[in-house]
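Engineer: What follows is a structure written as structure tokens; I'll ask about it next.
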């Protein structure tokens, strides 16, 4: 809970700092124009990647396989779209990184290793029994 609170407070502070620094260098109008342009371009690329992910997921379903990677990728693309809609340079950078398939796969591998389930003991034997008294 404390980490989430820190993130909620930290992100706007970083964005405000970047707005001030970049706005001082290129001007307020150009800063606003860049923010709007990155949102439009980002949403366009999220749409393209989303359609590709849906196509890949349907292909997996035709093969009678569960499209786990595609579902995770779709969730990451939805989060990327949210980050790109939110005005800011840091959120746009993270959103653009999530759009790239290479970056998404690296993030999924990292999270998969971090939250890997514990191994089941090898000395466990599964079986069934039947009560002969009945």
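Since every read-out is calculated from the coordinates, none of them should be taken as a lab result. Owing to the predicted nature of the structure, the values given are computational and were not obtained by experimental measurement. Neighbour counts are summed over all protein chains in view; Cβ atoms, including those assigned to glycine, are modelled from backbone coordinates with ideal geometry.
Engineer: What helices (runs of 4 or more DSSP H) completely inside the stretch 22-134 contain at least 1 residues that are over 27 Å from residue 9 (Cα atoms)?
Structural biologist: 28-62, 68-85, 101-114
Engineer: Turning to a different aspect of this structure: Checking residue 85 against (1) over 13 Å from the mean Cα position of the chain (by Cα); (2) buried (at least 17 other Cβ atoms within 10 Å of the Cβ); (3) in contact (Cβ under 8 Å) with a residue 40 or more places away in the chain: exactly one of these is not met. Which one?
Structural biologist: The failed condition is (2).
Engineer: Let me ask another. Could you say whether any residue in the stretch 21-35 is free of Cβ contacts under 8 Å to residues at least 40 places away in the same chain, under 15 Å from the mean Cα position of the chain (by Cα) and more than 19 Å from residue 7 (Cβ to Cβ)?
Structural biologist: No.
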